[in-house]
Amino acid sequence: MTMKESPASIADLFDLTGTTAMVTGGCGLLGDVFCRALSTFGASVAIIDLAESEPDRAAVELSKAYGGGAIGVVCDVSSPDSVAAAVTRTEQEFGSVDVLVNNAAAKPSDMREWVRPAEEFSLDIWREVMAVNLDGLFLMSRSVGRSMISGKRGGSIIHISSVYGTLAPNPAIYEGSSHLGGPMNTPPVYSASKAGVVGLSRYLAAYWAPHGIRVNTISPGGVASGQNATFQERYGHRVPLGRMAEAEELCGALVFLASRASSYITGQNILVDGGLSIW
C-alpha cells in the first residue's frame, strides 16, 4: 500500500498494512510502545537498537503478539556505515521503507555527568549526546530519505524531540527529585539537541516535500518512568491536565503521522504535553 492510495473509509486512513517502518531506539521506553502501535495497525517493523541481543528478542515478541513482520537490527545510529547497513537489512527483509521513527537518544553511563551544572558540563559528554540525538537522527534521515526518493513512493519521517526542545525546564522541580533512585536533571545538551531536532525536521520537510516525503516532529512532555513522587507532584502542578504522560499516550500522534490520516501535514511539531506549553 502506498501513501497515495484512496482509502475505502475514514478508518482506513490509519491502516498501515503493507508498509514498512523503522524505529530507532526501538527497545527503549518509548521505542517499545511505538513498535507495538505501528505493528497493531499492520506495519512490518524493524526494531533498531544499539543493544546486542535486545532487538532480536523484541522482534520475536512483537511478531508473536501481533502476527506481523518484525526484525531486530543492531545499529549504532552515530555511525554512517552502521546506519547504511541497517537500512539495507530492512529493505532486504521487507522492501522499501515507508515510515522512519527517529527515537534514539543518548545519556552517559555515569549519570553524575548528566546532572552537572551548565557551567561545569563536560564537552565530551556534550559531543557524545549530540552524536546520537542529532547526528544520528540526521544520518538515519539521510539514508532513508535517499531510499524514499529513489523508490518514488514518498513516505513519513517522524522525529522524536521533547517539550524541552521548545521550552526551558524549570530547575526548581528537580530539587529533591530522583529517577529510579538516582539523580535527575535536564542538562543543556538535551535541550540543545532536541531544539536541533525541531529545526532539522522543518528543513527536511521543505526540502523533501517535492518527493512526497513528509517530515514531522513529536515533542513529548514528561513521561512517567520511575520518577519519585516529589518530581511527579511538582511536574503535575505545572501541567493543565495535572500529571505526567504515560508512554502509550504518545501512540495516537505517532500512528496519525505515520499514516495517510496526516497526508497533508508536514513540517509540524506536535507537543504531546498535557497542556504544559500553553501556560
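Here are some notes:
- You will find that of 58, 46, the residue that is crowded, with 18+ Cβ neighbours inside 10 Å, among the small types (Gly, Ala, Ser), in contact with a Gly (Cβ under 9 Å, 6 or more places away or on another chain) and part of a helix (DSSP H, G or I) is 58 and no other.
- Qualifying residue in the range 16-26 (condition: outside any helix (DSSP H, G or I), in contact with a Leu (Cβ under 8 Å, 6 or more places away or on another chain) and more than 19 Å from residue 143 (Cβ to Cβ)): yes
- Taking the range 95-214 and the helices (runs of 4 or more DSSP H) fully enclosed by it, the elements with 2 or more residues that are open to solvent by 30 Å² or more (accessible area, probe 1.4 Å) and within 27 Å of residue 73 (Cβ to Cβ) are at 123-130, 137-151, 188-208.
- Residue match in the range 79-87 (condition: open to solvent by 20 Å² or more (accessible area, probe 1.4 Å), assigned to a loop (DSSP other than H, G, I, E, B) and not small (Gly, Ala, Ser)): no
- Within the span defined as the range 251-267, every residue fails to be of a type in the set (D, E, K, R) and free of Cβ contacts under 8 Å to residues at least 40 places away in the same chain.
- Top-ranked residue in the range 146-184 [being among the basic types (Lys, Arg) and modelled with pLDDT under 95; ranked as farthest from the chain's Cα centre (by Cα)]: 152
- Selection of the range 190-232 for residues being closer than 23 Å to residue 273 by Cα and more than 17 Å from the chain's Cα centre (by Cα) yields 226, 227, 228, 229, 230, 231, 232.
- Considering residues of the range 66-78 that are of a type in the set (A, V, I, L, M, F, W, C) and open to solvent by less than 60 Å² (accessible area, probe 1.4 Å) only, the residue nearest to residue 14 (Cα to Cα): 70
- Scope the range 257-271; condition at negative phi and either part of a loop (DSSP other than H, G, I, E, B) or among the acidic types (Asp, Glu) (or both); matching residues: 259, 263, 264, 265, 266, 268
- Residues of the range 188-233 satisfying the condition of being under 21 Å from residue 176 (Cβ atoms) and free of Cβ contacts under 8 Å to residues at least 24 places away in the same chain: 224, 229, 232, 233
The values are calculated or read from the model by the stated rules, or taken from the named source; none is laboratory data. Small disclaimer: the values here were computed from a predicted structure and weren't measured. Glycine also receives a Cβ, built like all others from the backbone with ideal geometry; neighbour counts cover every protein chain displayed. Heads up: the accessible areas ignore ligands, DNA and RNA and are worked out on the full protein's heavy atoms, side chains in. Shrake-Rupley method; radii C 1.70, N 1.55, O 1.52, S 1.80 Å.
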